[in-house]
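Report on one structure; see the data block that follows.
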Amino acid sequence: MREKLLHDLNNRYATKKFDSTKKVSDDDFQLICEALRLFPSSYGLQPVKFIIVKTESIRLELQKAAFGQAQISEASHLIVLCALDSISHNDVDDHVKLLADTREIEVEKLVGFGTQIKGSIEKMSEENMQIWNDKQAYIALGQLLHTCAVLHIDATPMEGFSKSEFDRILNLKDQNLHSVLACPIGYRSEDDAYSKIKKARKSMNALFEIR
């Protein structure tokens, strides 16, 4: 188990060139979606949405907004990780109800928890709330990359795109959303030279400190 885990993580890299002829199977993609659904977030609120872009014309338009990066259109699947612009009291109430229904307990027993969440978000400025929500998308990205590594599916986490253009193309503002990250997934091309390069990482001593 230990050797497999380290092998999968060492094999993972930010793929620069995908083989457009190779597609992720429906079963594997559904597993990836389920892994994303299970990602952890603050208070369990999951203030995010994952946009799966299948339409070729939209992906080509997004590619232009990503400074021409070919992974956007060449990869088997494209996932755009989005975050909510704001969290309302109704969002919190919906979350509390979901908790109560899932755990088969009375909603009234979770009122205090809901009040605590509302108190926290009321203290946030609009800017700080967006930053907080964005951080949840980054947590989801970590789960996505790890899941893909375990499945030997390649992925490219991307911040290098015009978020305003992505938001416009995907009509996100009308959904109280904004784009945070893009992640094309699929299978590396045999002639992607970056797949052969060894990872350069700091040593254990440089990264860890025991106190």
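Points to keep in mind about this one:
- Each helix, a run of at least 4 DSSP H residues, gives -39500 (n - 2.57); summed and divided by the residues of the chain, these come to -14000 deg cm²/dmol at 222 nm.
- Interchain or long-range residues, amide H under 5 Å from Arg188's placed H: Asp19, Asp154
- Given their separation in residues at 0.36 nm each and the Cα-Cα distance between them, Ala193 and Asp101 gain 28.1 nm when the chain is fully extended.
- Over 15 Å [Cα-Cα, region 49-117], rounded percent: 65 percent
- For the chain, the longest principal axis of the alpha carbon atoms and the long axis of helix 126-150 meet at an angle near 50°.
- In the chain, the longest principal axis of the Cα atoms and the axis of helix 26-37 are about 40 degrees apart.
- Taking Phe67, Phe166, Phe39, Phe113 and counting other C-beta atoms within 10 Å, the order from fewest to most: Phe67, Phe113, Phe39, Phe166
- Using θ = phi - 60° and Karplus 6.51 cos²θ - 1.76 cosθ + 1.60, couplings along region 199-211 (whole Hz; Gly, Pro as x): 5, 10, 10, 4, 6, 4, 5, 6, 8, 10, 9, 9, 10
- The phi torsions of region 96-106, fed into the Karplus equation with coefficients 6.51, -1.76 and 1.60 and a -60° offset, translate into couplings of 4, 5, 4, 4, 5, 5, 5, 8, 6, 10, 6 Hz, rounded to whole numbers, with Gly and Pro shown as x.
- A dipole drawn for region 2-190 from +1 and -1 charges on Cβ atoms has a positive end, and of Phe18, Tyr138, Leu31 the residue lying farthest that way is Phe18.
- Taking Cα centre as origin and charging only the Cβ of basic (Lys, Arg, +1) and acidic (Asp, Glu, -1) residues, the dipole magnitude of region 2-190 rounds to 500 debye.
- Under a model in which nothing but the beta-carbon of Lys, Arg (+1) and Asp, Glu (-1) is charged, region 82-211 shows a dipole of about 780 debye around its Cα centre.
- Cross-linked pairs Lys49/Lys118; Lys16/Lys49; Lys4/Lys198; Lys22/Lys64: Cα-Cα separations exceed 19 Å for Lys49/Lys118; Lys16/Lys49; Lys22/Lys64.
- Taking other Cβ atoms within 10 Å as a rough exposure proxy, Met204, Met158, Met124 sort from fewest to most as Met204, Met124, Met158.
- Normalised contact order of the chain, rounded percent, pairs of Cα under 8 Å and 6 or more residues apart: 36 percent
- Calculated from the alpha-carbon coordinates, the chain shows an Rg and a Dmax of 19.3, 59 Å respectively.
- Taking amide hydrogens as placed 1.01 Å from N in the peptide plane, the amide H of Asp85 sits under 5 Å from those of Leu177, His178, each at least 5 positions away in sequence or on another chain.
- Least to most buried among Leu99, Leu181 (fewest other Cβ within 10 Å first): Leu99, Leu181
Values quoted throughout were computed directly from the atomic coordinates according to the rules given, and no laboratory measurement underlies them. No experiment lies behind these values; they were computed from the predicted model shown. Here the Cβ is made from the backbone with ideal geometry for all residues, glycine too, and neighbour counts use every protein chain on show.
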